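Here's the structure, in structure tokens; my notes come after.
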Amino acid sequence: MSIFTSKHILLGVTGSIAAYKSADLASKLTQAGAQVDCILTPSAEKFISALTFQSVTGRKAFTDADLWGGEAHVLHVGLGHSADLLVIAPCTANTLGQLAHGLADTLLTITALASRCPLLIAPAMDVGIYTHSATQENLSILAKRGAYFAGPAEGRMASGLIGMGRFIEPVELLGYIRFVLGSGGKLSGKKIVVTAGGTQEPLDPVRMLTNRSSGKQGYAIAQAAIDAGGTVVLITAPASSIPPVGAKVVPVQTAREMLDAVLAESSGADALVMAAAVADFHPKTVAEYKLKKKDGIPQIELEATGDILLAVANLGSRKPQVVIGFAAESRDLLENAGIKLISKKLDMLVANDISAPDAGFGVETNRVTLMFPNAKEETLPLMSKTEVAETIITHLGVLLENR
Ligand code: CTP
């Protein structure tokens, strides 16, 4: 079940040229399962109509005409009452100022005062307006009051100027919304270290040994942990996915770098999920210059990299309370995976048959069996990597609870 399912989100839209992007946001939130009520300020209506929002959300979009209509006595305080989140995107400098100072002359700003749910603001304004000390002071007033911010980004403005003040892209804003909705969840206050991607072991300045891991499963686990309110550190070898909003990202390349990062971050952490495909061997020496054909076929001597999970198992009292590993197997899945569960002293192991075309490296789906030290096993059906990640995080929550 997605974090957006059945969430009631109020989307405030103010008078910025970026208002059209907000319709895309409303559509994405609705498709993800949220119930989205949009409130447009009079200036927003000059850029985009309520009908656009009604069309993408399937629900009435509110304007100041409703503030002065027959239902106003209920509506002006009622909209905010059942909301899980108020997002104001895009938010102009004027609305920002009103929010900071408790002014309320539109349905949106009245709703903001009447709501008790978290407030997420995505500012959009010209660089000069954004950097003005009045705007900056308003931002810090709201930050002190606990408001969350998404952006602004740096880039080209409608005015042609380049600088800070651009509305962030809806897809990135979704990440911020997830982060705020997740805060206070089951993993709240827990530090969860997740590794992802396939390490790269250099041979010379242009070549390396690596594997087919895309990082998708590890990134999905990091996102699921953030959705559950965890404080997530994502230690990632090069991967094709975009890190989830809210994760502290530690980029690494080699198995050695991943080992150092995991030991530094997991000491004292609540949990470690080792989803990375770590190289077991690396070239004993890395050539300083590119290996040339004219010098003949190189004889490459490999040496072991050292097992990260074994090193974590030896951390003693500094070992994370819960350690989850993966097993990538191409034959005798459960037998080989069971050996890893015990030898690496894991609390749970995710056994992955990488020989199946719809599971393992590179694809969107996965087929896994969860294994536990008490010999309990749970074979999951074919699932998206997101669903596998959510299941792993649910188990992680239970394991942490039982510590
Ligand atoms: N792993 C690790 N350090 C390594 C190699 C793997 O911590 N040097 C972790 C992986 O992140 C995974 C688990 O150990 O969580 C199992 O990895 P896998 O590649 O399936 O097995 P290996 O231990 O490398 O053994 P083999 O390659 O012989 O199957």
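Please treat every number below as a calculation from the coordinates, not as lab data. Computed from a prediction, not measured in an experiment: that's the story for all the values here. Here Cβ is always computed from backbone atoms with ideal geometry, including for glycine, and neighbour counts include all displayed protein chains.
Divide the volume of the convex hull of the Cα atoms of region 311-376 by its number of residues and quote the answer in cubic angstrom per residue.
On the way: hull volume 6.4 nm³, N = 66.
Convex hull volume per residue, Cα atoms: 97 Å³.
Of all DSSP beta bridges in the chain, what percent run antiparallel (nearest 5)?
Within the chain, antiparallel bridges account for around 30 percent of the total.
What is the gain in length, in nm to one decimal, between HIS101 and VAL249 on full extension, counting 0.36 nm per residue of separation less the C-alpha to C-alpha distance?
My answer for the length gained is 49.7 nm.
Would you calculate the separation in nanometres between label points at GLU71 and GLU169, each defined as 7 Å from the Cα along the Cα-to-beta-carbon direction?
3.6
Rg and Dmax of region 2-182, using alpha carbons, in Å: what are they?
15.0, 45
Contour minus end-to-end for ILE242 and ILE342, with contour as 0.36 nm per residue of separation and end-to-end as the Cα-Cα distance? Before the final figure, lay out each step's value.
Working: separation 100, 0.36 × 100 = 36.00 nm, distance 3.31 nm.
My answer for the length gained is 32.7 nm.
Remind me, relative contact order of region 58-146 in percent, using alpha carbon pairs under 8 angstrom and six or more residues apart?
Relative contact order, region 58-146: 34 percent.
How many lysine pairs does region 2-182 hold where the Cα atoms are under 19 Å apart and the two sit 8 or more places apart or on different chains?
6
Could you give me D for region 117-241, from Stokes-Einstein at 37 °C and 0.692 mPa s, where the hydrodynamic radius is the Kirkwood radius over C-alpha pairs? Units µm² s⁻¹, please.
D, rounded to a whole number, is 190 µm²/s.
What is the pair-distance distribution P(r) of the chain, computed from all Cα-Cα distances in 20 Å bins starting at 0, with each bin given as a whole percent?
For the chain, the binned pair fractions read 25, 45, 27, 4, 0 percent.
Given region 191-401 reduced to its alpha-carbon atoms as identical point scatterers, what log10 I(q)/I(0) does the Debye formula return at q = 0.18 Å⁻¹?
-1.29
Which of the trypsin sites (Lys or Arg not before Pro) found in region 263-331 are in a DSSP loop and have at most 13 neighbouring Cβ atoms, other than their own, within 10 Å?
Filter output for region 263-331: LYS284, LYS290, LYS292, ARG331.
Which of the peptides 302-309, 195-202, 130-137, 222-229 is most tightly packed, and how do the rest follow, going by the mean number of other Cβ atoms within 10 Å of each residue?
222-229, 195-202, 302-309, 130-137
DSSP loop (so not H, G, I, E, B), at most 14 other Cβ within 10 Å: list which chymotrypsin sites (Phe, Trp or Tyr not before Pro) in region 37-116 pass both filters.
When the chymotrypsin sites (Phe, Trp or Tyr not before Pro) of region 37-116 are filtered for loop state and at most 14 Cβ neighbours within 10 Å, TRP68 remain.
If you fit an axis through the alpha-carbon atoms of helix 170-182 and take the longest principal axis of the Cα set of the chain, what angle between them do you get, 0 to 90°, nearest 10?
Long axis of 170-182 versus the principal axis of the chain: about 80 degrees.
Using the Cβ atoms and a cut-off under 15 Å, what net charge is assigned to the surroundings of ALA122, where Lys and Arg are +1 and Asp and Glu are -1?
Summing Lys/Arg as +1 and Asp/Glu as -1 gives 0.
Can you give the angle from 0 to 90° between the axis of helix 216-227 and the longest principal axis of the chain, with both taken from C-alpha atoms, to the nearest 10?
Tilt relative to the chain: about 50 degrees.
Relative contact order for region 191-401 using alpha-carbon pairs under 8 Å, separation at least 6, rounded to a whole percent? Provide the component values of the computation, followed by the final result.
Working: 462 pairs, mean separation 42.4, N = 211.
Relative contact order comes out at 20 percent.
Determine, for each peptide in 375-386, 235-246, the mean count of other beta carbons within 10 angstrom over its residues, then list the peptides with the highest first.
235-246, 375-386
List the relative contact order of the chain as a percent without decimals, with contacts defined as Cα pairs under 8 Å and 6+ residues apart.
11
Please say if region 1-91 is rounded, prolate or oblate, where rounded means a/c under 1.5 for a ≥ b ≥ c the square roots of the C-alpha gyration tensor eigenvalues, and otherwise the choice is prolate for a/b larger than b/c and oblate otherwise?
Verdict is oblate for region 1-91.
When DSSP assigns beta bridges and you keep just the ones with both residues in region 191-401, what percent turn out antiparallel, to the nearest 5?
35
Just to confirm my numbers, what's the Cα centroid distance between region 158-188 and region 323-381 in Å?
When both Cα centres are located, 35 Å separates them.
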